[in-house]
Amino acid sequence: MTTLAATERLIKPHGGRLVDRTGERPDGVDSFEVVTLTSREVSDLDMIACGALSPLEGFMDREDYLSVVDEMHLAGGLPWALPVCLAVDGAPQGDVAALADESGRLLATIEVDQVFDYDKEREAERCFRTTDDGHPGVARLYAQKPSYLAGKVTVFERPQPAFPELARDPAETRAVFAERGWKRVVGFQTRNPIHRAHEYLTKTALETVDGLLIHPLVGDTKSDDVPAATRVECYRVLVDGYYPSNRVLVSAFPAAMRYAGPREAIWHAICRKNYGCSHFIVGRDHAGVGDYYGTYDAQLIFDDFEPHELDIEPMFFEHSFWCKTCGSMASAKTCPHPSDHHVFLSGTKVRELLAAGELPPVEFSRPEVAEVLMEAYRT
Ligand SMILES: [Zn+2]
């Protein structure tokens, strides 16, 4: 089988084809008006460039924006869960503007299509299910500039990946899957170290498909999340020690967290479809923060779409744990014993143990992973 044919066995990108908005640096770009992007907008720009946000070719116009906020679909009818917009103070001069990061480095051009006002409270209410500015995503939305600039982008300078060895665009993950002969691939989104509970989810999912993409988010997260460099080391030691190398790929997901809970679960699934995943793991409180979302909201929201409308298949999981009586990992679905039979440690308890230089029980965390975390707590 040729590689091309193998690639064609994979799920199609959202909208049918992978977008590529990379291009040459145009002459005269230095004379264009410059629009400065936040780090979140730079993440979005780079994901548009490489096709991770296919079918988007630029920042959303008013029609797509309103349709997404109100109906969770693009104006053309494809499912889409979160706005991908560029906030500005006003319309730039000229038909084309330059886009720069916060250091002033030019990254891209945008063909100025529309500049429109938007209702921040409405966006918050619809997308985050709250207008409380204690929510980090809502706080960021409220701090944004007052208008959105829409238009196709052409990216000539990609941001340096934080983890070059893990940086793979959708075309590249698809090529790896094809080369390995995988057709059905499950994606796992994470922004935490993987302990036994999530190892169990990923392996249970992997039992039913060909391959597993461990796809940690390495864009902006809250300051109290475990730093990406520590997490990446945790994934490395875990995969080296406990996963067959021909069935798993660890690669970085360059998105910034929005903490939009249910809608972000849909958005994460669509992005992973572009990376070539046919299945996507959705646990409890996916992409949630605080107690803004119900435990199962991120699973229930998939029912708002017609069967097969998203194409990628969500795989829903319960909270899992080691049960001393079952003698295995289990969940409320598969274990009948009360919680005092289970090995469960709160995040606070785990941090206390690690800070004191003690390993959590092996039923909770692989010692290799715990040691990486302990080292990070020491320094
Ligand atoms: Zn049990």
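Structure values in brief
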{"item": "Complete set of residues in the stretch 100-125 that are of a type in the set (Val, Ile, Thr) and either assigned to a loop (DSSP other than H, G, I, E, B) or under 15 Å from Ala49 (Cβ atoms) (or both)", "result": "Thr109, Ile110, Val112"}
{"item": "Output for the stretch 325-351, where each listed residue is part of a helix (DSSP H, G or I), at pLDDT 90 or above and touching a Ser or Thr at 6+ places or on another chain (Cβ under 9 Å)", "result": "His341"}
{"item": "Residue tally, condition open to solvent by 40 Å² or more (accessible area, probe 1.4 Å) and outside any loop (DSSP other than H, G, I, E, B), over the stretch 190-214", "result": "4"}
{"item": "Whichever residue in the stretch 311-323 is within 21 Å of Gly187 (Cβ to Cβ) and in a strand (DSSP E or B) and, among such residues, is nearest to the ligand (Cβ to nearest atom)", "result": "Ser320"}
{"item": "Boolean, Gly294 is out of contact with any Gly (no Cβ under 6 Å at 6 or more places or on another chain), within 16 Å of the ligand (Cβ to nearest atom) and open to solvent by 20 Å² or more (accessible area, probe 1.4 Å)", "result": "no"}
{"item": "Selection from the stretch 126-151 of residues that are outside any loop (DSSP other than H, G, I, E, B), open to solvent by 30 Å² or more (accessible area, probe 1.4 Å) and out of contact with any helix residue (DSSP H, G or I) (no Cβ under 9 Å at 6 or more places or on another chain)", "result": "Pro136, Ala139"}
{"item": "Members of the stretch 159-180 that are at pLDDT 95 or above and either in a loop (DSSP other than H, G, I, E, B) or basic (Lys, Arg) (or both)", "result": "Ala167, Arg168, Asp169, Arg174, Arg180"}
{"item": "Test for Cys326: is it within 16 Å of the ligand (Cβ to nearest atom) and either touching a Pro at 6+ places or on another chain (Cβ under 9 Å) or open to solvent by 80 Å² or more (accessible area, probe 1.4 Å) (or both)", "result": "yes"}
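The values are calculated or read from the model by the stated rules, or taken from the named source; none is laboratory data. Keep in mind that what you see is a predicted model, and the values were worked out from it rather than measured. Glycine gets a Cβ as well: all are built from the backbone with ideal geometry, and neighbour counts include every protein chain shown. We work out accessible area using only protein heavy atoms, side chains counted, and drop any ligands, DNA or RNA first. Shrake-Rupley method; radii C 1.70, N 1.55, O 1.52, S 1.80 Å.
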